[in-house]
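For reference, the structure discussed in these notes is given below.
Computed from the coordinates by the stated procedures, all read-outs in this text should not be read as laboratory data. In this text the structure is predicted, and so the values were computed from the model without any measurement. Positions of Cβ are backbone-derived with ideal geometry, glycine not excepted, and every protein chain shown enters the neighbour counts.
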């Protein structure tokens, strides 16, 4: 399940909202250069973990905006300074989505 919440950058102190996670039928991949999120349909998350087959590199592709590499195991990037050294906060509403 994906969430949207408020973060604080440890480097510059900026507060910002970002999403991440994915859903039952898709994974979210974050661009390592520009932080745009690309959703990739999954084959079937309803199967046991040992039987789950993740999307291939071809299915994931690259960022549609800048051509950067995509990862699904990294946090958001600060929109002011570009740092990924951030903290989750308890500010604002956490939105959950599938």
Worksheet item: Once both labels are modelled 7 Å past Cα along the beta-carbon direction, what's the residue 3-residue 47 spacing in nm?
Response: 2.9
Worksheet item: Taking neighbour counts of Cβ atoms within 10 Å as a proxy for exposure, in what order, fewest first, do 51, 88 appear?
Response: 51, 88
Worksheet item: Using the count of nearby Cβ atoms within 10 Å as a rough guide to exposure, how do 42, 74 rank from fewest to most?
Response: 74, 42
Item to complete: Let me have the 222 nm mean residue ellipticity of the chain computed from DSSP H runs of 4+ only, each contributing -39500 (n - 2.57), with the sum over all residues rounded to the nearest 500.
Response: -500 deg cm²/dmol
Fill in: Structure-derived Rg and Dmax of the Cα atoms in Å: which label, when the choices are (1) 14.4, 42; (2) 13.1, 40; (3) 24.0, 76
(1)
Worksheet item: Going 7 Å from the Cα of residue 64 toward and past its Cβ, which residues in the stretch 6-25 have a backbone nitrogen under 18 Å from where you end up?
Response: 19-23, 25
Worksheet entry | Of 56, 39, 25, the one that fluctuates the most in a GNM where the chain has Cα springs shorter than 10 Å | 56
Practice prompt. Could you calculate the contour length gain from residue 39 to residue 19, that is, 0.36 nm times the residue separation minus the distance between their Cα atoms, to one decimal place in nm?
Written response: 6.0 nm
Item to complete: Arrange the following residues from fewest to most other Cβ atoms within 10 Å of their Cβ: 33, 70, 91.
Response: 91, 33, 70
